[in-house]
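So the structure is just underneath, and the comments pick up after that.
Readers should treat all values here as calculations from the given coordinates under stated rules, not as data from a laboratory. Keep in mind the model is a prediction, meaning the values are calculated, not measured. Here the Cβ positions follow ideal geometry from the backbone for every residue, glycine too, while neighbour counts run over all protein chains shown.
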Amino acid sequence: MDAIYKTLLFDGKISLTVIESTQIVNKAIKYHGLTPLTSAALGRAMTASLFMASNLKNKSDRLSVTISGDGPGGQIIVSADSNLSVRGYVENPSVNLPLNEKGKLDVKGLVGKGRITVVRNMGLKEPYSGSCELVSGELAEDFAYYYTVSEQEPTAMALGVLTSAKGKCLGAGGVIMQALPGCDYETAKKAEEIILGYTDISSLIKKIGAKGICELHFAGVEFSERKPRYKCVCSKKYINSMMVALGKEELYDILREQGEIRVECEYCDKTYVYNKDDVDKLLGIING
């Protein structure tokens, strides 16, 4: 079962988060028809974004992550909130590339060079935005670098997604350690060495799950547990508001050209279709 486990290590100097996101990745595969390669990229991005979301303080807080690389995958966009609902998509979900020199999925080749941008909406007048260059394109290193540079929070991550030959996700998740205020260099180094030991985190999650990692590798440590999920927030009400924002002239121009208006949600498989009667009714309600 997908879950996020959190605790403190080394006398409260290091925070540890263990995430299982297998079902979330499978939901994304179902919605977007992802290849094993794009599953790996989006799955890693969603797992890291869930870690970020797990640290949001208020119920209404939310964030978005945009990975803008020059690789064939195009943009990777993920949204998540403090309730641990996450959703995301890859601009070009059907991309396949040869395995890299290590015989693994070439996420770096898919993503390419570019930037990672994080926008947090926390009820303030202006959202908080941070950005940095991608340092590897493998995403775990990129998210860790983002935290270290943009948030001044030294972080180490291991992220992974394992898929079958038929494209089903068999194991996905990550292990994240973060140095807290007052953490000394030696303790931070120990945490980094622990993360470096998770060279195949997805296979480990497939085998024993995130809970098994907690019990086996951190025996005797007490963890908090929360349940994340893939959830799109699109709705008829939300799409109606988007339609109205387009304006009467734009809506009827589209109807004349296409006969109907189709709005496809980028995060899920829902399509909203409006004919002329629907638009008439919508504008009539709005205009009284």
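When segment 32-48 is filtered for residues that are surrounded by fewer than 24 Cβ atoms within 10 Å (Cβ to Cβ) and under 9 Å from the mean Cα position of the chain (by Cα), nothing remains. Could you count how many residues in segment 228-287 are of a type in the set (A, V, I, L, M), surrounded by 15 or more Cβ atoms within 10 Å (Cβ to Cβ) and either touching a Pro at 6+ places or on another chain (Cβ under 7 Å) or part of a helix (DSSP H, G or I) (or both)? Total meeting the criteria: 9. In segment 190-227, the residue that is nearest to Pro154 (Cα to Cα) out of those that are assigned to a helix (DSSP H, G or I) and of a type in the set (Val, Ile, Thr) is Ile195. In segment 170-189, of all residues being crowded, with 16+ Cβ neighbours inside 10 Å and assigned to a helix (DSSP H, G or I), the one that is farthest from the chain's Cα centre (by Cα) corresponds to Thr187.
Here Ser54, Ser85 are screened, and the one residue that is out of contact with any Leu (no Cβ under 7 Å at 6 or more places or on another chain) and over 16 Å from Ser202 (Cβ atoms) is Ser85.
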